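Okay, handing you the structure first.
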2 protein chains.
Amino acid sequence: MTAPKTLSDQRRALLARRIRLFVAATISYNIIEAIVAISAGTVADSTALIGFGLDSIIEVASAAAVAWQFAGRDPEARPDEQHVAARQQGHEHPVEEAVLADDLGVDAIALGEHHRPEYSISSPETVLAGIATRTSRIKLGSGVTVLSSDDPVRVFQRFSTVDALSNGRAEVILGRGSFTESFPLFGYDLADYDVLFEEKLQLFTRLLDEKPVTWEGTTRAALENADVYPKTESGRLKTWVGVGGSPQSVVRTAYYGLPLMLAIIGGAPDRFAPYLDLYRRAAEQFETTAYPVGMHSPGFIADTDEEAKEIFYAPYKVMRDRIGALRGWPPLKREEFESEILHGSMYVGSPETVARRIAAAIDKLGVGRFDLIYSAGPLPVSARLRAVELYGAKVIPMVRDILAEKEN
Amino acid sequence: MTAPKTLSDQRRALLARRIRLFVAATISYNIIEAIVAISAGTVADSTALIGFGLDSIIEVASAAAVAWQFAGRDPEARPDEQHVAARQQGHEHPVEEAVLADDLGVDAIALGEHHRPEYSISSPETVLAGIATRTSRIKLGSGVTVLSSDDPVRVFQRFSTVDALSNGRAEVILGRGSFTESFPLFGYDLADYDVLFEEKLQLFTRLLDEKPVTWEGTTRAALENADVYPKTESGRLKTWVGVGGSPQSVVRTAYYGLPLMLAIIGGAPDRFAPYLDLYRRAAEQFETTAYPVGMHSPGFIADTDEEAKEIFYAPYKVMRDRIGALRGWPPLKREEFESEILHGSMYVGSPETVARRIAAAIDKLGVGRFDLIYSAGPLPVSARLRAVELYGAKVIPMVRDILAEKEN
């Protein structure tokens, strides 16, 4: 991590005026986005950008690894006993899979926050704490923490605790979330969607300085010279912003000088190049640091291409169609799935296939990090563990080899 | 744990009317309490009940074990580098000490929630999650979770996650807290002290049923048929209420059919007998289950009485006087300390001394659980680990022997 440039308050105020111009300028980007979405959609059923009004599509992210969701069958359909067993599994998997990934040298893991029956993790940082004391190298992140419906002070406290438990391996990925359940659950109005994230991100960046904070806003009680504990050992908690399809979110991330994690969950990855460019140009304008950008996309690995597709397709379709039904998407067709694997943003196949496609995406976009979203409904435990094993032992070294060769 | 009696809504409404009478009846208890406090105070500097308006004095509890606080020196006095080192230690201790306690068969551990520079733990359940995956038998509790300034839904989510990570060993101890810092930090008014706890405890008990909840109150957004995840494997998260000196809190705990944890941190333990009696009588009236009561008191163990006192006194006095200064207490005198060890609620000494005194307290009060609050400022790591070792390996077996002999 490059040391962040620090700004005086005065300088920051000056720069703050520029953001308005920038946001105005990004309106044209929104139009481009819509066009890209539609055309990509016809080619490859771009789930990233079709017909959903909320920004971040980051659901269950995972950092160069793994994310989990409820490992059982349809909760309505299954008898109580199995439900109970599945519940517990929902938490055992992540810890065991993280331990394996750590052993194999996978760089990072991220867990999403959800408040729906399909997912077992509503408090990712609590699970990360459980992983922290069983691992030694792997970075521990959320993907994303739905900051809009949480309290920045509590989020900071929990992640700085994970940071202490892991000797500095915690990283929070803040986002607006792609689901809306957390809003009524925690008493927020979806009408305040923008102001909630804007204000809470502002407060969170203040907390990152780890000094007494004085802050006032409309979405949370004011703070006066409030000191928040525990502090981190490094003095700064690693913090990303997770962004789906909104240029404003990209600009805002640059404004606060935070690293950007792009959710690319459908269509050709190249079409996200303008977002990386926008992030860099915005950081230049605001005189903040443009960090290497991260991307995350879904996928699955097995010993052969055919096996990976056979294991992954049915559970993925169940989950995709259930969520799609809520969002007005048509059911997933097998052709779309195959097309997304060939040309889009789904990294499914043998280690060789997946490594080749990840390396190409990294190379094309010039990202600094790739996270494989590795979760799709009720996957068998053995297949999940095998996928983590292949990812750590084969895919990651292959990707590095391919990229090193290209550089020479 | 005895299966809780379940009540119909109608029956509950009928019983709810009785609580008013009960609370009225407890006014006399308040007077008795004040008298006891004063007389105990003159004899043994009863820190439990002198001059502090808030209810629960439970600060950093610990279940048949151990609680931790910031292991560094005065934060204002120490240079930055040491501060950093101490920060990290603050979290390493609890995990290592919990692993040792688990190995030795200590039954439970509880960590307090604090938002002050002296303490490193502001999110006990995050640390408990880190302990969960490194231990196999020990129960994992908070002591207390300051429910008044937190969100019952989030508290439930985090503890049910700890429950999943630990195969059912989580237990939350809810309380009002003895410090007030969390109120401004999370935007609550101390004037709402009573209604905050009352309403949030009510909502929390509804969440314990693990069914969709419809709830409305004044201190948190309403819920309509809201389902909260993850559910626990057992179907019920173990939940206590931690109480300091308030009879109303005892009655409320009985009303909700929850087990009671009494903070007895000064004076002769016998004077809490009326609270146990009140709890049992209230439970009878409300037709709820009167569970075995828990008590917690401070202490420390070393190889000899003298060594225990020498290690414990200075750091304890630093912490006690710093907190005392905020509450108008006079500085602690050595005679008071010695007297509290001989006749009061401080369990300091050799394993034999501490075991004898704990057994006597358990026997006199008829409690079902004893928690030693084992923390006092900057204690050396080696002394802390030795205390845990002596507690698990010697004190607990000795207490059980003494109690078994008395029964025969």
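The values are calculated or read from the model by the stated rules, or taken from the named source; none is laboratory data. All values derive from a computational prediction rather than experimental measurement. No Cβ is skipped: glycine too gets one built from the backbone with ideal geometry, and neighbour counts run over all protein chains shown. Heads up: the accessible areas ignore ligands, DNA and RNA and are worked out on the full protein's heavy atoms, side chains in. Shrake-Rupley method; radii C 1.70, N 1.55, O 1.52, S 1.80 Å.
Using a Förster radius of 25 Å, what is the FRET efficiency between A:Asp363 and A:Arg334 based on their Cβ-Cβ separation? Nearest 0.05, please.
Working: r = 29 Å, r/R0 = 1.16.
Taking R0 as 25 Å, the efficiency between A:Asp363 and A:Arg334 is 0.30.
Just tell me how shielded B:116-122 is by partners: mean number of partner chain Cβ atoms within 10 Å of each residue's Cβ, no decimals.
Neighbouring Cβ atoms belonging to other protein chains average 4 per residue here.
Compute the accessible area per residue over segment A:79-407, keeping the other protein chains in place, probe 1.4 Å, unit Å². Don't jump to the answer; show the numbers that get you there.
Working: 10890 Å² over 329 residues.
The answer is 33 Å² per residue.
Could I ask something else about it? Kindly compute the accessible surface that chains B and A hide from a 1.4 Å probe when together, both sides summed, and give it to the nearest 100 Å². Mind dumping the intermediate values first?
Details: alone 17050 and 17090 Å², together 30280 Å².
Summing both chains' loss of accessible area gives about 3900 Å².
Using packing as a proxy for protection, rank A:183-190, B:106-113 so that the peptide with the highest average count of other Cβ atoms within 10 Å comes first. It would help to have the intermediate numbers written out before the result.
Values: A:183-190: 16.8, B:106-113: 27.0.
Ranking the peptides A:183-190, B:106-113 by packing returns B:106-113, A:183-190.
For segment B:79-407, state the semi-axes of the equivalent ellipsoid (square roots of 5 times the eigenvalues of the alpha-carbon gyration tensor), sorted largest first and rounded to whole angstrom.
Rounded to whole Å, the semi-axes are 31, 23, 21.
Choose one of A:Ser149, A:Pro212, A:Phe183: the residue whose Cα lies farthest towards the positive end of the charge dipole of segment A:79-407 (beta-carbon charges +1 Lys, Arg; -1 Asp, Glu; about the Cα centre).
In segment A:79-407, that residue is A:Pro212.
Please work out the C-alpha center-to-center distance from segment A:342-382 to segment A:129-201 and express it in whole Å.
25 Å
Taking amide H positions as placed 1.01 Å from N in the peptide plane, with prolines and chain starts having none, which residues 5 or more places from A:Phe300, or on another chain, fall under 5 Å of its amide H?
Under 5 Å from the amide H of A:Phe300: A:Tyr347, A:Val348, A:Gly349.
Over the alpha carbons of segment A:86-240, what is the largest minus smallest coordinate on each principal axis, giving the biggest first in Å?
45, 36, 20
Considering only DSSP beta bridges with both partners in segment A:79-407, what is the antiparallel share in %, to the nearest 5?
Values: 2 of 28 bridges.
For segment A:79-407, the DSSP antiparallel bridge percentage is about 5.
On the rotation axis linking copies A and B, which residue of A comes nearest by its Cβ, and by how many whole Å?
So the chain A residue sitting closest to the axis is A:Ala129, 2.
Report the local net charge at A:Lys309: Lys and Arg +1, Asp and Glu -1, summed over other residues whose C-beta lies under 15 Å from its C-beta.
On the way: positive: A:Lys317, A:Arg320, A:Lys333, A:Arg334, A:Arg357, A:Arg386; negative: A:Asp303, A:Asp305, A:Glu306, A:Glu307, A:Glu310, A:Glu335, A:Glu336, A:Glu338, A:Glu340, A:Glu352.
For residues surrounding A:Lys309, the net value is -4.
Out of residues 5 or more away from B:Gly141 or on other chains, whose amide H comes under 5 Å of its own, with H placed 1.01 Å from N in the peptide plane?
Close amide H contacts, sequence-distant or interchain: B:Ile109, B:Ala110, B:Leu111, B:Glu171.
Once the other residues with Cβ under 12 Å from the Cβ of B:Glu389 are scored (Lys, Arg +1; Asp, Glu -1), what is the net sum? It would help to have the intermediate numbers written out before the result.
On the way: positive: B:Arg384, B:Arg386, B:Lys394; negative: B:Glu96, B:Glu97, B:Asp103, B:Asp303.
Net local charge, B:Glu389 excluded: -1.
Which distances, in nm and shortest first, link the B:Pro117 label point to the same label point in every other copy, taking 7 Å along Cα→Cβ?
5.1
Here is a further query. Within a 10 angstrom radius of each residue's Cβ in B:153-166, how many Cβ atoms of other chains show up on average? Whole number is fine.
Numbers: counts 6, 8, 0, 2, 7, 7, 2, 6, 12, 6, 3, 12, 10, 2.
Going residue by residue through B:153-166 and averaging, the value is 6.
I'd like to compare B:279-290, A:347-358: which one has the highest average count of other Cβ atoms within 10 Å, and what's the full order after that? Can you show the working numbers first?
Working: B:279-290: 18.3, A:347-358: 22.2.
My ranking of the peptides, most packed first, is A:347-358, B:279-290.
Give the nm distances, rounded to one decimal, from A:Ala360 to the matching residue in every other copy, measuring between label points 7 Å along Cα toward the beta carbon; shortest first.
For A:Ala360, the other copies' label points sit at 8.0 nm, shortest first.
Below 10 angstrom from the Cβ of A:Ala110, what's the summed charge of the other residues (Lys, Arg +1; Asp, Glu -1)?
Working: positive: A:Lys139; negative: A:Glu171, A:Asp371.
Neighbour charge sum, excluding A:Ala110 itself: -1.
Also, quick follow-up: Can you list the copy-to-copy distances for A:Glu307, using a point 7 angstrom from Cα toward Cβ, in nanometres, shortest first?
5.9
Now a separate question. Counting only other chains, and only Cβ atoms inside 10 Å, what mean value do you get across the residues of A:229-240? Could the numbers behind the result be given before it?
Working: counts 14, 13, 7, 3, 8, 1, 3, 0, 0, 0, 0, 0.
If you average over the peptide's residues, the count of other-chain Cβ atoms is 4.
Taking all protein chains in place and a 1.4 Å probe, what share, in percent, of the accessible surface of segment B:274-363 do carbon and sulfur account for? Present the calculation step by step, with values, prior to reporting the outcome.
Values: 2040 of 3510 Å².
C and S atoms contribute 58 percent here.
Would you please put B:259-267, A:246-254, A:138-146, A:233-241 in order of how densely packed they are, using the mean number of other Cβ atoms within 10 angstrom per residue and starting with the highest? Display every interim value, and only then the final one.
Working: B:259-267: 26.9, A:246-254: 23.9, A:138-146: 29.3, A:233-241: 19.8.
Taking the mean over residues of other Cβ atoms within 10 Å, the ranking is A:138-146, B:259-267, A:246-254, A:233-241.
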